[in-house]
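All remarks here apply to the structure that follows.
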Amino acid sequence: MRRYRLAWAACALLASSTASAAPALEFLHVEANEGGSSGGHVALRIGDATYHFQNEAGLLRLAREDSLRFVHDYALLENRPIHVRRIDVSPETEQRVRERFEARLGAQRSHLDALAALRAERELLALLLRRARGEAPRAGEGIPISGAGYFAPAGASAVEEPALAALRARVARERGASFLDARAKALRAALRRLEPEPDAEPGPRLDADTPLPASDGFGARAADLAAGILALGVLADARPLRGDAVWRSDDAALALDPPARDTLRAFGDRLADSLGRLLDASRPDWGTALLVGMARLATVEASLRDGRLRVLDAFPERAEALDAELLARRPELLPEVVGETRARLRLALAEFAGSGSSQAAWSDLEDVANRHLELVRALEARSAMRVQRARLVPLRPAPFAELAVPPDAEPPLARALASVSARERRLASELSRLHGYELLTHNCVSELFATLAAAFDDDPELASAALGGFVDGRRGLDFIPFVSAASVSQRYRVAEGFTIPSLRQARLVAMREREGALRVALREASPWTARSGGQGARDSFFLFFTDASVWPRPLFGALNLAAGAGETALGLLRAPFDRGRTLLHGLEGTLMSLPELAFVNLRKGSYDWVPESARREIGLAP
Amino acid sequence: MHARPVRPIACLALAALLAELAACSLSYSSESISKSVSSPFKSSSGSSSGGKADAAYLDEVRSFAAGFGSSGGDATAFRRGLGSIAERRGIHDWEDDDATCRAIGQGLKRAGLAQEKAQALLGELFAGRSDRAALAIKGFDAGE
């Protein structure tokens, strides 16, 4: 039996724990909006995890998101209703599909990691070749070693880091005073002996489900040895952290209460133990782990000394930045934003205190603290704010430049460089073949259904038995998100359908109940008078919302079109001064208004900031 | 006088507009305050307590270990690959993380390995760390 409804209460399904929920797959169709999403979007929810494919610089990347976070981003921030089709399946089917998506996710990451490893190896070989040719070293060149950038350079400081001095003394006590020196000498000798592979295999043809093994080639081995040498040097000198490596703030949210101090002390002790063990680890990348661990240990000790949380600055060197102008444009939001990030920081600190001092909880705390402190810094300095969507992990690199190259090394290095360059090109081309985005044939819809089909060995009968039918996202018009959603309804065993409203939709319903339909319709028709919000900084210029009313849509569309044309004309005049920003906005507004003339709404507005508490407005627990 | 710079800008703008028609584009992060200050995980607990925040990471470890268990492969490449997965999660020393060790065992179970084979493999992976191998075997025995 199929039931479709616009149901706030149904959203509670999303909030329910997967452990207790009946096994199901939920096909999510996200309505269109402007901003690179005018064709709509699709995703598959399995319990807490929502899988979807996104076009990232021409590659379709499979992403796994927390299901609540997905709804927050799309239904609240991007103001896009999500239509859900729930397909009841057996526990085996749910498990099978989940494992297939996980396998593809892992395989794709391994493909991208392999490309990054080849790129790094090519850069290293090019550097060595320059040295072999006698070219002068360039500033900052060397093997980039993650974690090494947090420490003062060798010989730059006479002060020792107390936590590392204690660790060094412990190592000397347990393994002898010459241990660190002898180990570093052995690593340097191994690095000198390391030779590139001039004629390596070209690499296999990629398969979406088969991961590539992590690279163990010349570049990876050289980087491992270099990381080990740098880590041992930092420990031998008990080098202090650089001044800009650590967030030092008097923010009240960083204050450590006695339970937090106890947990931190236990975490520091455990960290020091594990760092000692890393010196004997069989894993090849122990040097990087030791560098990051030592930097973390130093911040733990600093936190205990100061009575306030100290964490490493985990933003990457070339982080994206949010315009200071954008922050300044919404001053009324900022106290609330800071209030929420501060509350998250306090929560993360409390969770760390209750975590049994795990690395994972410390990493969560680092991430949350970095985001809060960066926001506060940017507001105080009125400067751009560094941002990163992915988890913030402290990996600031520094170059390892001790690269001695014998004069007769040029020919083999040149051969190895040519070989690795060819392998890199081939892998990039394979990646493009396998994961390249094509609007009509290889998009978020086609790949979602291809992965679903792969879970059933690409056998339509097997898939039909499990799901009630078969949808091929590459046939007919099924590559279009809303068409594929209709196909799911027709062909799969859909037990239930409901719509998660957008934030503006939910607010309008609540307002109508309180104030009456006519008054709300008049006031909320335009972003200039609306109290429901919904015009974000990213949105094009428009005069009327057309998402809530159908009949006036062409009229509103015509007025929006005129507004867009006006902004376009202004943009032409401003183009030499604002690099075409206004012009682009105007053209986008004009384009988004055209479908409205034919009763079709794409533009729905968006929000710059939605507190987690707003999830209640669409029926979700915050 | 300004016509020259305007023309290429207009072309670029039109190209960007056509790109806008595409579905599935990466949801913009750099222009939303909300997305910028929000962590990409749901705060609830760390991996050692097995909370929701780490479901994705532990699934990835299980899946990676299952792939290794079923196809075989080089232990060094496995350690390096696992190091990358753990690094993205912010865990610098995965051998010291209890939940990671258990998830490795669970992944080998998923691959359908017999216990003797799993024990031998874990002994090789955790060379010199019998306590960690024992924890992974516990994960193997418990399953998912």
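Tell me which residues, restricted to segment B:123-144, are touching a Gly at 6+ places or on another chain (Cβ under 7 Å) and within 14 Å of chain A (Cβ to nearest Cβ).
B:ALA133
Pull out all pairs, ordered by first then second residue, where Cβ-Cβ is under 8 Å, the residues are six or more apart or on different chains, the first lies in segment A:87-98 and is assigned by TED's automatic domain parsing to the domain that holds A:VAL488, and the second is of a type in the set (Gly, Ala, Ser) and in a strand (DSSP E or B).
Within 8 Å, the pairs are A:ILE87/A:ALA24; A:ILE87/A:ALA495; A:ASP88/A:ALA24; A:ASP88/A:ALA495; A:VAL89/A:ALA24; A:GLU94/A:ALA24; A:ARG98/A:ALA49.
Out of curiosity, is A:ALA360 at pLDDT below 95, assigned to a helix (DSSP H, G or I), under 27 Å from A:GLY268 (Cβ atoms) and hydrophobic (A, V, I, L, M, F, W, C)?
Yes, satisfied.
Please work out which residue is surrounded by the fewest Cβ atoms within 10 Å (Cβ to Cβ), limiting yourself to segment A:219-269 and to residues that are part of a loop (DSSP other than H, G, I, E, B) and more than 28 Å from the chain's Cα centre (by Cα).
My answer is A:ASP250.
Of the residues that make up segment A:280-296, is at least one without any contact (Cβ under 8 Å) to a residue 40 or more places away in the chain and of a type in the set (Asp, Glu)?
yes
Taking the conditions exactly as written (under 28 Å from A:ALA186 (Cα atoms), out of contact with any strand residue (DSSP E or B) (no Cβ under 7 Å at 6 or more places or on another chain) and surrounded by 21 or more Cβ atoms within 10 Å (Cβ to Cβ)), does A:LEU279 satisfy them or not?
no
Inside segment A:466-537, counting only helices (runs of 4 or more DSSP H) that do not spill past its ends, which hold 2 or more residues that are closer than 17 Å to A:LEU452 by Cα and at pLDDT below 95?
Fully inside segment A:466-537 and qualifying: A:481-491.
Quickly run through segment A:578-610 and pick out the residues that are closer than 20 Å to A:GLY40 by Cβ, in a loop (DSSP other than H, G, I, E, B) and within 27 Å of the chain's Cα centre (by Cα).
Passing the criteria: A:LEU602, A:ARG603, A:LYS604, A:GLY605, A:SER606, A:TYR607.
Within segment A:108-165, how many residues are surrounded by fewer than 21 Cβ atoms within 10 Å (Cβ to Cβ) and in a loop (DSSP other than H, G, I, E, B)?
Here the count works out to 19.
Among the listed residues A:LEU112, A:LEU129, A:LEU125, A:LEU167, identify the single one that is in contact with an Asp or Glu (Cβ under 8 Å, 6 or more places away or on another chain) and not small (Gly, Ala, Ser).
Going through A:LEU112, A:LEU129, A:LEU125, A:LEU167 in turn, just one is in contact with an Asp or Glu (Cβ under 8 Å, 6 or more places away or on another chain) and not small (Gly, Ala, Ser): A:LEU129.
Would you mind stating whether A:SER383 is in contact (Cβ under 8 Å) with a residue 40 or more places away in the chain and among the hydroxyl-bearing types (Ser, Thr, Tyr)?
Against the criterion (in contact (Cβ under 8 Å) with a residue 40 or more places away in the chain and among the hydroxyl-bearing types (Ser, Thr, Tyr)), A:SER383 qualifies.
Across segment A:308-343, what is the number of residues that are in contact (Cβ under 8 Å) with a residue 40 or more places away in the chain, in a loop (DSSP other than H, G, I, E, B) and either exposed (fewer than 12 other Cβ atoms within 10 Å of the Cβ) or not assigned by TED's automatic domain parsing to the domain that holds A:LEU241 (or both)?
Selection size over segment A:308-343: 1.
Select from segment A:571-622 the residues that are closer than 19 Å to A:PRO81 by Cα and of a type in the set (D, E, K, R) and write down the one among them that is surrounded by the most Cβ atoms within 10 Å (Cβ to Cβ).
Per the stated criteria, the residue is A:ARG603.
Looking only at segment A:366-383, decide whether some residue is of a type in the set (S, T, N, Q) and modelled with pLDDT of 95 or more.
Yes: one or more hits.
Would you pick out the residues in segment A:456-510 that are of a type in the set (Asp, Glu) and within 25 Å of A:LEU439 (Cα to Cα)?
A:ASP458, A:ASP472, A:ASP478
Cβ-Cβ below 8 Å, separation at least six or inter-chain, first residue in segment A:34-46 and more than 7 Å from every other protein chain (Cβ to nearest Cβ) and under 14 Å from A:GLU65 (Cα atoms), second part of a strand (DSSP E or B) and acidic (Asp, Glu): which pairs?
Every condition considered, the pairs that remain are A:LEU44/A:GLU26; A:ARG45/A:GLU26; A:ILE46/A:GLU26.
The values are calculated or read from the model by the stated rules, or taken from the named source; none is laboratory data. Since this is a predicted model, take the numbers as computed values, not measurements. FYI the Cβ positions are ideal-geometry reconstructions off the backbone, even for glycines, and counts take in every protein chain you see.
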